[in-house]
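Comments concern the structure below.
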Amino acid sequence: MIIYYHLGSSFLNSSPSFFLTGAAGFVGSRLTRKLLELDRKVIAIDCFLPNLYSREVKISRWEKLDSPNLIKLEFDLRNDDFSQLAEYEIDRFINQAAMPGLITDWANFAPYYDCNISGLNRLLEFSKSLQLKSFVQASTSSVYGKLALGGESQELNPTSPYGVSKLAAEKLLLAYNEWFGTPVKILRYFSIYGPNQRPDMAYAKIIKALFDNEEFVVHGDGEQRRSNTFIDDVIEATILSEDCAPSRSVINICGDDTVSLNEAIAILEDLTGKKLKRVGAPGRTGDQRDTSGANAKAKELLRW
């Protein structure tokens, strides 16, 4: 474990803190910044996983995080020693760490298992030694499968390694709640977009292709639809869930409207005044066809 930023005894002896994993990620870095704006104390960790995109992108986000209320640690949930964290007073967890995205080779399941299940299990074991008020887990609409239509009671039928591993993570969390009382809250995020979006995600790739005059591969017919959710709305819901959501809550976090890939491309072409160089390709194994989620539960419980 490498400590990047440490405030010493004055921080350690102060009020309990948020423990935020995946703090250099797209969502995690923005969530860290918002918590600091709210004058909350944050212990932020990340291991800069390079599997989907360059670790340098994450390190760039990480280096911009700075506050007297912040401790930053390079820490890998999969294999680092949790006893090194015993000195910190922690009473709230937000687990943003994960291996997301689609893969072309289902034989390469190991990163999903190691990050999304095994790493989480180690984190939950560590949490048993603490007096937690909340353990918020970032989950995904991918647990529903090809069609994520409606509320939280719809069938769970994941069709990608990511979705399978995140559903297993949900079950693991609920088991820890059942046996050890871990105060888990599960948020199923839908298609997050906004500033500093991951470079492997569709909208970031489309915008780059438009400005750099590059080709963009459209998998399938382009009519796949998404409940796009702006990142600041996701951040707000995540913070609200700390106090407003009861233990064992499972909540969709999604926008009110859906848009197809073709429609999104047309919007971005109009905004930039450029024409996208589209290249057709077969649909990707495990991809979702339609994520038209319902967010009534989030609006009711979180007043979101």
| message | Once neighbouring chains are kept in place and the probe is 1.4 Å, which whole percent of the accessible area of the chain is contributed by carbon and sulfur? | response | 50 percent
| request: Report the charge-dipole magnitude of the range 195-299 in Debye, nearest 20, computed about the Cα centre from +1 at each Lys and Arg Cβ and -1 at each Asp and Glu Cβ. | output: 280 debye
| remark: Expressed to two decimals, the range 18-59 has a Cα Rg over Rh, using the Kirkwood radius, of 1.01
| field | Accessible surface of residue 244 - all protein chains present, 1.4 Å probe, nearest 10 Å² | value | 60 Å²
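D for the range 33-187, whole µm²/s, Stokes-Einstein with Kirkwood Rh over alpha-carbon pairs at 4 °C and 1.567 mPa s: what number?
For the chosen part, D equals 77 µm²/s.
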| query | If you line up the long axis of helix 231-244 against the longest principal axis of the chain, both from Cα atoms, how many degrees apart are they, to the nearest 10? | reply | 40 degrees
| query | Over the range 93-183, what per residue volume does the convex hull of the Cα atoms give, in whole Å³? | reply | 96 Å³
| field | Length-normalised contact order of the chain in % [C-alpha pairs under 8 Å, at least 6 apart] | value | 18 percent
| Averaged per residue, what accessible surface does the chain expose to a 1.4 Å probe, in Å²? | 45 Å²
| ³J(HN,Hα), Karplus 6.51/-1.76/1.60, whole Hz, each residue of the range 176-192, x for Gly, Pro | 5, 5, 4, 9, 10, x, 4, x, 7, 9, 10, 10, 8, 6, 10, 6, 7
| field | Unit charges on C-beta of K, R, D, E only; dipole of the chain, Debye | value | 140 debye
| task | On the full set of protein chains, 1.4 Å probe, figure out the accessible area of residue 59 and give it in Å² to the nearest 10. | result | 40 Å²
| task | For the range 198-228 and the range 131-164, write down the distance between their C-alpha centroids in whole Å. | result | 23 Å
| Excluding same-chain residues fewer than 8 positions from residue 133, which lysines have a Cα within less than 26 Å of its Cα? | 34, 41, 72, 166, 171, 185, 297, 299
| said: Can you compute the charge dipole magnitude of the range 47-138 about its Cα centre, using +1 on each Lys and Arg Cβ and -1 on each Asp and Glu Cβ, nothing else charged? Give it in debye, rounded to the nearest 20. | reply: 280 debye
| said: Per residue of the range 113-123, what does 6.51 cos²θ - 1.76 cosθ + 1.60 with θ = phi - 60° give for ³J(HN,Hα)? Whole Hz please, x for Gly and Pro, Karplus curve as stated. | reply: 5, 5, 7, 8, 10, 5, x, 4, 4, 5, 5
| query | How much accessible area does residue 38 have with a 1.4 Å probe, in Å² rounded to the nearest 10? | reply | 80 Å²
| query | Rank 166, 34 by accessible area, highest first, at a 1.4 Å probe radius? | reply | 34, 166
| If you line up the Cα atoms of the chain on their principal axes, what length do they span on each, largest first, in Å? | 57, 40, 39
| request: Would you please state the base-10 log of I(q)/I(0) at q = 0.12, 0.25, 0.27 1/Å for the range 236-304, with intensities from the Debye formula using one equal scatterer on every alpha carbon? | output: -0.55, -1.07, -1.17
| Using the alpha-carbon atoms, what tilt in degrees (0 to 90, nearest 10) does helix 202-212 show relative to the longest principal axis of the chain? | 60 degrees
| Cα-Cα P(r), the range 180-257, percent of pairs per 10 Å interval | 16, 36, 27, 15, 5, 0
| Can you work out D for the range 170-304 in µm² s⁻¹ from Stokes-Einstein, where Rh is the Kirkwood radius over C-alpha pairs, the temperature is 25 °C and the viscosity is 0.890 mPa s? | 146 µm²/s
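The values are calculated or read from the model by the stated rules, or taken from the named source; none is laboratory data. Predicted model, so just to flag it, every value in this text is computed and none were measured. Every residue, glycine as well, gets a Cβ built from its backbone with ideal geometry; the counts of neighbours run over all protein chains shown. Remember, those area values only see protein heavy atoms, side chains included, never the ligands or the DNA or RNA. Shrake-Rupley method; radii C 1.70, N 1.55, O 1.52, S 1.80 Å.
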